[in-house]
Amino acid sequence: MYVGEILKSLDRVPSGVPGLDDIIGGGFLPGRVYLITGPPGSGKTTMGVQFLVEGARNGEKGVFVSLVEDPRIILQDMLRYNFGLLGYVKSKTITFHDLGRILLRAEYRLTWNELFNSILQIINEEGVKRAVVDSFTSMEHLVKDPENKRWALGRFIRALQELETTTLITSEMLQGDAYTDEHYLVDGVLVIHHFMRNYQMVRALQVLKMRGVPHDSNLKRIRFTDEGIRVYNEAPF
Ligand SMILES: Nc1ncnc2c1ncn2[C@@H]1O[C@H](COP(=O)(O)OP(=O)(O)OP(=O)(O)O)[C@@H](O)[C@H]1O
Ligand SMILES: [Mg+2]
């Protein structure tokens with residue numbers, strides 16, 4: 001690696017999630033791959049879209065690759081936030097891609113490698129700076145060769161890191177302490193937690209890992225707002 005490249009790696013990619021950059025030293029590292037994991041309805045897709053919108057504000061092209069859900073429905077839900085997503089979709093600065101259509105077709109199962117290559121083809125398009133892959137869980141049941149996951153995932157993440165695109169992958173959290181291959185292979189992991197406290201749902205975010213970046217791993221309170229998720233630099237309780 002040349003010195004210029006090392007210096008370039010000090011650049012940061014703002015996350016688009018208010019308050020998050022403050023606890024990860026200014027933002028994500030360009031070209032790296034990150035995982036957002038959390039329980040159902042915790043804001044994984046929302047944070048992914050906030051990340052793309054942040055780039056679009058600066059003219060950066062972004063792609064949203066949906067693995068299971070119909071992207072039209074995701075888009076419909078995301079348009080309820082006030083982050084001006086529609087304009088970026090109309091101008092094609094942000095594009096939504098539907099891989100679920102292929103994955104869910106019962107008569108034709110993809111291998112992990114075919115699936116990852118299809119994702120890479122979308123992300124590798126000219127000028128794409130930010131990508132979101134939503135969501136990774138349950139894929140084991142939809143692919144032809146579940147036993148090849150770790151190997152194929154390792155190759156996929158390596159290929160992503162060679163692109164100039166910064167990628168967020170979302171996944172569902174099955175158990176708080178059950179780590180999957182994704183957790184070990186990616187460059188950083190953000191975990192969304194929720195707790196019941198006096199009959200109230202309290203949400204919090206933890207930076208579980210962030211390679212190459214000094215960060216605060218304590219639980220931070222998060223809230224849904226009309227502008228998406230916001231992180232507060234305070235303990236949830
Ligand atoms: N202004 C808002 N607009 C839309 N959704 C909102 C808003 N405020 C809060 N929400 C909540 O956001 C949640 C959806 O978040 P999101 O879809 O990002 O979560 P997720 O973790 O991706 O969920 P899933 O596991 O179902 O994919 C909804 O449960 C909804 O109650
Ligand atoms: Mg989602």
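For the chain, compute Rh as the Kirkwood radius over C-alpha pairs and then the Stokes-Einstein diffusion coefficient at 37 °C and 0.692 mPa s; write the answer in µm²/s, rounded to an integer. Translational D for this selection: 181 µm²/s.
The length gained on full extension between Asn218 and Ala159, counted as 0.36 nm times the residue separation minus their Cα-Cα distance, comes to 18.1 nm.
Computed over neighbours whose Cβ is under 11 Å from that of Val128, the net charge equals -1, Lys and Arg +1, Asp and Glu -1.
Under a Cβ-Cβ cut-off of 12 Å, what is the net charge of the residues other than Gln161 that fall near it, where Lys and Arg count +1 and Asp and Glu count -1? Result for the neighbourhood of Gln161: +1. So how far apart, in nm, are the two label points at Asp181 and Glu114 if each is 7 Å from Cα heading toward Cβ? Between Asp181 and Glu114, the label points sit 1.7 nm apart.
Among residues other than Ile74 with Cβ under 14 Å from its Cβ, the summed charge is -1 (Lys and Arg +1, Asp and Glu -1).
Multiplying the residue separation of Lys90 and Glu69 by 0.36 nm and removing their Cα-Cα distance gives an extension gain of 5.5 nm.
Within segment 109-160, report the GluC sites (Glu not before Pro) that DSSP leaves as loop and that have at most 15 other Cβ atoms within 10 Å. When the GluC sites (Glu not before Pro) of segment 109-160 are filtered for loop state and at most 15 Cβ neighbours within 10 Å, Glu125, Glu126 remain.
One Cα centroid belongs to segment 175-206, the other to segment 22-73; the line between them spans 16 Å.
The chymotrypsin sites (Phe, Trp or Tyr not before Pro) of segment 75-168 meeting both criteria, a DSSP state outside H, G, I, E and B (loop) and at most 10 other C-beta atoms within 10 angstrom of the site's C-beta, are Tyr108.
Here each label is just a point 7 Å from Cα along the line to Cβ, and for Met196 and Glu126 those points are 5.5 nm apart.
Write out the trypsin sites (Lys or Arg not before Pro) in segment 103-147 meeting two conditions: DSSP loop, and at most 11 other Cβ atoms within 10 Å of their Cβ.
Hits after loop and neighbour filter: Arg105.
One equal scatterer on each Cα of segment 9-75, no solvent, Debye formula: the resulting log10 I(q)/I(0) at q = 0.15, 0.21, 0.22 Å⁻¹ is -0.53, -1.01, -1.10. Computed over segment 117-237, the convex hull of the alpha-carbon atoms projects to a mean area of 9.7 nm².
Within the chain, antiparallel bridges make up roughly 40 percent of the DSSP beta bridges whose residues both belong there. Computed from the alpha carbon atoms alone, the convex hull of segment 47-182 holds 115 Å³ per residue.
Mind giving me the FRET efficiency for Trp151 and Asp11? R0 is 25 Å, r the Cβ-Cβ distance, nearest 0.05 is fine.
Working: r = 31 Å, r/R0 = 1.25.
My answer for the efficiency is 0.20.
This ranking places Tyr199, Tyr184, Tyr34 by how few other beta-carbon atoms lie within 10 Å of each, fewest first, which gives Tyr199, Tyr184, Tyr34.
Readers should treat all values here as calculations from the given coordinates under stated rules, not as data from a laboratory. Small disclaimer: the values here were computed from a predicted structure and weren't measured. Positions of Cβ are generated from backbone atoms using ideal geometry, with glycine treated the same way; all protein chains shown enter the neighbour counts.
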